[in-house]
Ligand SMILES: Cc1cc2nc3c(=O)[nH]c(=O)nc-3n(C[C@H](O)[C@H](O)[C@H](O)COP(=O)(O)OP(=O)(O)OC[C@H]3O[C@@H](n4cnc5c(N)ncnc54)[C@H](O)[C@@H]3O)c2cc1C
Ligand SMILES: Cc1cc2nc3c(=O)[nH]c(=O)nc-3n(C[C@H](O)[C@H](O)[C@H](O)COP(=O)(O)O)c2cc1C
Ligand code: FES
C-alpha cells in the first residue's frame with residue numbers, strides 16, 4: 001500500500017537512536033514481522049530516495065484526536081547515520097509522511113513447539129521486537145541475544161522483558177551484560193533440535209550467526225540490508241548472491257522482494 | 001471547458017496520454033500494479049532484454065547523489081525467451097501499449113532479439129538501447145559511434161516490422177549526428193536521454209562506492225541536459241522524439257514537449273513514488289485545463305525562442 005501517515009511521536013531513546021510512531025490504515029495490522037516500510041523523509045529532491053525501515057511494532061491505540069477512536073499505528077526504531085535519518089529525527093507530532101508498506105517477505109515463525117532464539121544488535125533489534133511480540137502471543141518460548149559495541153547499542157531490553165522474553169546481553173567493551181560477542185553467548189544455548197534462530201543486525205554478525213547455525217544444523221533466518229531505490233523489485237539495485245551463485249550460473253536475490261528475510265542457507269556468505 | 005485531448009501518436013503507437021514508463025525503472029509492469037492503474041498511462045517500456053538471461057553487475061549497484069542516483073545494474077534481465085513465456089502474457093492483458101527495450105552484446109544479438117519479438121501480439125514496439133553505459137561490450141560502442149549505431153538500427157529494422165524507437169546516449173560530443181545516423185538507418189522515433197556516466201567516491205575508504213566504479217546518473221539532476229539534447233535533436237531531425245530525464249511532475253513533462261518531444265518517459269520518479277506516471281499524466285491534464293489548452297499535441301515543439 002501507499003499511504004499518508006502522521007507522526008504521532010518521535011523520541012530519542014539513547015544517543016542517536018530514535019523510536020517513531022506513525023499512523024497507518026487498519027490493513028497494516030496484517031504486516032508480518034521482518035517486513036518493512038519505505039518512507040520519503042521530505043518532499044525535497046535531496047535526499048531523493050525513500051529510506052527503508054523494519055517494523056519495530058504494529059498495533060492499535062485509542063487516539064484522543066480521533067475522539068478516542070481506534071487508530072492503527074506502526075513504529076520504527078532508527079539510528080541517525082546520514083542526512084535522511086537526520087531529517088527524520090527532526091520530525092514532530094503532526095508532521096506528515098508518505099509510506100509504502102508492508103514490503104518484502106517477513107520471518108516464518110515455524111512450529112510452536114520449538115524454542116525461538118532471537119539474535120540482534122543495535123537497530124537490528126527493531127524487527128525482532130515485533131517478532132517477539134507475535135511469537136509470545138502464540139505462546140512460543142522466546143529468548144533474546146542482544147549484542148553491540150557498547151551499552152548505547154542495546155535498546156529496548158525492558159520492552160522485550162515486559163513481553164516475558166528472557167534476554168542475554170553482551171557488549172564488546174563490557175559496559176552492559178557480558179563482555180564479548182553475541183555469537184559466543186548464543187553458541188552456549190544451541191542444541192541440535194527444537195530450535196530456530198532469527199537474526200537481524202550488521203552483516204558481519206549475521207555471517208557469524210549463519211556459520212554457527214550451519215555448524216549446529218539449526219534452522220536460521222536472517223534479515224538483510226541493502227541499498228534500495230524502489231523497494232518493489234523493479235530496479236534490481238538491492239540484490240545479493242544466493243548460495244549457488246557463480247559467474248557461470250548467476251543467482252541474485254532481491255533483498256526488497258525475495259527478502260529482506262532469507263533462510264541463511266540460501267545465501268552466499270563468502 | 002471540455003476535457004483536453006491528451007492522446008498522442010508516436011511511430012504509429014497510439015497512446016491515451018504522452019506518459020510512458022522508462023526502461024529499467026518499471027520492472028516488467030506487474031511490480032507496480034498495486035500502486036497505480038496500468039491502464040491510466042500512455043505506454044509501458046520493459047526492462048532491457050538480451051538474448052540470454054543476464055546476471056548483471058556485482059553490488060553495490062546503486063547510490064544516491066544530490067538530486068539523483070547512480071546505477072550500474074548491468075542489464076540484469078530474464079532474457080527474451082523467458083520474457084515472452086513468463087512476463088508478456090500478463091502485460092498483453094493490460095490495455096496499454098507495451099514497448100520492449102532490447103539490448104545486444106553483439107550486432108547479431110540485437111537482430112536476433114528483435115526477430116524473436118517480431119509478430120508477437122502484445123508487443124506494440126521496440127526500443128533499442130544502444131546507450132547503456134554499464135556493460136562492457138556492445139552498448140556504449142554502438143551508442144557513441146554514428147556508423148556503429150546505424151549498423152545496429154539497419155539490422156534491427158530488417159529483423160522486425162514493429163515500430164522501432166532508438167534510445168540515444170547523452171555521453172557523446174554531438175548527439176545530433178547520432179540522431180541523424182539512426183534516422184537515416186530506418187528508426188521510426190528517437191528516445192533520449194539514457195543516463196549520464198558518473199561516479200561517486202567514499203572519501204574515508206578511498207574507494208568508489210559502486211562496485212562497477214562508474215554508473216549512470218538519472219533523476220532531476222540530469223533534466224537540464226536532457227532538455228537541451230531533446231531541443232537540439234528536435235530541431236534537426238524529422239522523427240518524433242520521446243523526452244526522458246529527470247521528469248518528476250507534469251510541468252517537467254510539458255517542458256519536454258515544448259522542447260520538441262511528442263511523448264515522455266518517466267524513470268527514477270517511479271522509485272520515489274510508484275504511482276508517479278499516473279500522477280504526472282493527471283498533472284499534465286490539469287495544466288491544460290487551467291490554461292485553456294485543448295490538446296496536448298498542440299504543445300509539441302511550441303517553444304518560443
Ligand atoms: C530492509 C531494511 C530494513 C532496515 N531497517 C532499519 C531499522 O529498523 N532501523 C534503522 O535505523 N535502519 C534500518 N535500515 C537501514 C536504513 O535504511 C539506513 O540506515 C538509512 O536508509 C540511512 O539513511 P540516511 O539518509 O540517514 O543515510 P545516508 O546518508 O544515505 O547514508 C549514511 C550511511 O548509512 C549507510 N546506508 C545508507 N542506506 C543504507 C541501507 N539501505 N542499508 C544499509 N546501510 C545504509 C551508508 O552506507 C552510509 O554509511 C534498514 C535497511 C533495510 C534495507
Ligand atoms: C535502475 C535503472 C535501470 C535502468 N535500466 C535501463 C535499461 O535496462 N535500458 C535502458 O534503455 N535504460 C535503462 N535505464 C535508463 C532509464 O530508462 C532512463 O533513460 C534514465 O533513468 C533517465 O530518466 P530519469 O531521470 O527519469 O530516470 C535505467 C535507469 C535506472 C535508474
Ligand atoms: S530496491 Fe529496487 S529491486 Fe529492490
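The values are calculated or read from the model by the stated rules, or taken from the named source; none is laboratory data. Every value quoted in this text rests on a predicted model; they were computed, and no experiment measured them. Virtual Cβ from ideal backbone geometry, glycine too; neighbours counted across all protein chains shown.
Kindly state which strands (runs of 3 or more DSSP E) lie completely within segment B:168-264 and contain at least 3 residues that are within 14 Å of another protein chain (Cβ to nearest Cβ). Explain how you work it out, then say what you get.
On the way: elements: B:189-192, B:196-199, B:214-218, B:241-244.
Ranges flagged: B:214-218.
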> Across segment A:30-51, which residue is farthest from ligand 2 (Cβ to nearest atom) among those that are over 30 Å from residue A:262 (Cβ atoms) and touching a residue at least 24 places away in the same chain (Cβ under 8 Å)?
Replying inline: A:42
>> For residue A:229, only one of the following conditions fails: (1) out of contact with any helix residue (DSSP H, G or I) (no Cβ under 7 Å at 6 or more places or on another chain); (2) within 14 Å of ligand 3 (Cβ to nearest atom). What is its number?
In response: (1)
>> Suppose the filter is within 20 Å of the chain's Cα centre (by Cα) and under 19 Å from residue B:274 (Cα atoms); does residue A:220 pass it?
In response: no
>> Being touching a helix residue (DSSP H, G or I) at 6+ places or on another chain (Cβ under 9 Å) and under 13 Å from residue B:276 (Cα atoms) is the requirement here; does residue B:22 meet it?
In response: yes
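Could you pull out the residue among A:237, A:231 that is in contact (Cβ under 8 Å) with a residue 40 or more places away in the chain and within 15 Å of ligand 2 (Cβ to nearest atom)? Step through it out loud before you land on a result.
Details: A:237 fails: in contact (Cβ under 8 Å) with a residue 40 or more places away in the chain.
Step by step, each of A:237, A:231 is checked, and only A:231 is in contact (Cβ under 8 Å) with a residue 40 or more places away in the chain and within 15 Å of ligand 2 (Cβ to nearest atom).
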> Could we say that residue A:156 is farther than 30 Å from residue B:275 by Cβ, within 16 Å of ligand 1 (Cβ to nearest atom) and not assigned by TED's automatic domain parsing to the domain that holds residue A:82 here?
Replying inline: yes
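Yes/no per residue for (1) modelled with pLDDT of 95 or more; (2) within 12 Å of another protein chain (Cβ to nearest Cβ); (3) more than 30 Å from residue A:246 (Cβ to Cβ):
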position: B:42; (1), (2), (3): yes, no, yes
position: B:52; (1), (2), (3): no, yes, no
position: B:63; (1), (2), (3): yes, yes, no
position: B:97; (1), (2), (3): yes, no, yes
> Among the residues of segment A:103-123, is there at least one that is within 16 Å of ligand 3 (Cβ to nearest atom), within 14 Å of chain B (Cβ to nearest Cβ) and touching a strand residue (DSSP E or B) at 6+ places or on another chain (Cβ under 9 Å)?
Replying inline: yes
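One line per residue, one yes/no per condition, for (1) within 13 Å of ligand 2 (Cβ to nearest atom); (2) more than 22 Å from residue B:163 (Cβ to Cβ); (3) free of Cβ contacts under 8 Å to residues at least 60 places away in the same chain:
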| site | (1), (2), (3) |
| --- | --- |
| B:11 | no, no, no |
| B:28 | yes, no, no |
| B:36 | no, yes, no |
| B:42 | no, no, no |
| B:53 | no, yes, yes |
| B:70 | yes, yes, no |
| B:84 | no, no, yes |
| B:102 | yes, no, yes |
> Hey, does segment A:52-64 have a residue that's within 14 Å of chain B (Cβ to nearest Cβ) and either under 18 Å from residue B:274 (Cα atoms) or in contact (Cβ under 8 Å) with a residue 12 or more places away in the chain (or both)?
Replying inline: yes
> Pick from segment B:192-212 the residues that are without any contact (Cβ under 8 Å) to a residue 60 or more places away in the chain and more than 17 Å from residue B:24 (Cβ to Cβ): which of them is nearest to ligand 2 (Cβ to nearest atom)?
Replying inline: B:208
>> Is it the case, given these coordinates, that residue B:172 is surrounded by fewer than 22 Cβ atoms within 10 Å (Cβ to Cβ), over 25 Å from residue B:43 (Cβ atoms), without any contact (Cβ under 8 Å) to a residue 24 or more places away in the chain and under 19 Å from the mean Cα position of the chain (by Cα)?
In response: no
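For segment A:123-155, how many residues are part of a helix (DSSP H, G or I) and over 16 Å from residue A:181 (Cα atoms)? First the steps, then the outcome.
Initial filter on segment A:123-155 (part of a helix (DSSP H, G or I)): A:123-138, A:151-153.
So of that shortlist, the ones also over 16 Å from residue A:181 (Cα atoms) come out as A:123, A:126-138.
Here the count works out to 14.
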